[in-house]
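Engineer: Mind having a look at this structure? Questions to follow.
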Amino acid sequence: MLGTVLHWLVETIGTMGYVGIISLMFIESSFIPFPSEVVIPPAGYLIYQSKMSWFGVIASGTAGSVLGALFNYLIAVKVGRPFLARYGKYVGFSEKHLRKGEDFFRRHGHISTFIGRLVIGIRQYISFPAGLCRMNLLKFCFFTAFGAGIWVYILAYIGYFVGDNEERIMQMSRQWAVYLIIGCVVIVTGYIFWHRRKRKHD
């Protein structure tokens, strides 16, 4: 089944081009459950076939991610927490997910937007607490694009070297997800240590 989907995505992205990547990554970054692991690797395979460019894939994948994240951000701003907590379960996230996202955002501040884009299970939902907290929009876009760009590059890299082998794509995606979580822990630990030292010196 997954192999059929991947072959279809390779053909679809090849036909729609970068607009297709933007559209699919917009869906992936919104609250609709649609994994980026089946969007960007086929585009990476098209890079290998010289049908797409590295810059085009990374730029369009990042742009789609930012647009989807902005969509979630604006939903949170417009409808508020009670609405999200009550009706989120109908579109793939529960109040528990929302609470975790808020706790993560509250503990780690703006850096959580960057870190959240790299963590599976948080990536799509970190925009909601950012919107509820009215995070500065320019900072939100910057940190979202930074984190999303890294993830898009990794997935394109996987697709470039693995091709349309769905088992290898999912295996390598899981491996890199673990590496990213470890990296995120290191970044957050370093950030907290730096922040505490800075506060002591102030």
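What follows draws every value from the coordinates through simple rules; no lab data is involved. Given the structure is predicted, the values throughout are model-derived calculations rather than measurements. Positions of Cβ are backbone-derived with ideal geometry, glycine not excepted, and every protein chain shown enters the neighbour counts.
Engineer: I need the phi-derived Karplus couplings for segment 131-145: 6.51 cos²θ - 1.76 cosθ + 1.60, θ = phi - 60°, integer Hz, Gly and Pro marked x.
Structural biologist: x, 5, 8, 6, 4, 3, 5, 5, 5, 4, 5, 5, 5, 5, 5
Engineer: Still on this structure: Taking the Cβ of each residue in Ser50, Ser30 as the centre, tally the other Cβ atoms inside 10 Å and list the residues starting with the fewest.
Structural biologist: Ser50, Ser30
Engineer: Multiply the residue gap between Thr15 and Leu137 by 0.36 nm, knock off their C-alpha separation, and tell me the result in nm, one decimal place.
Structural biologist: Fully extending the segment from Thr15 to Leu137 adds 40.6 nm.
Engineer: At 0.36 nm per residue, and after removing the present C-alpha to C-alpha distance, how many nm does the segment from Gln49 to Val186 gain when stretched out fully?
Structural biologist: 45.7 nm
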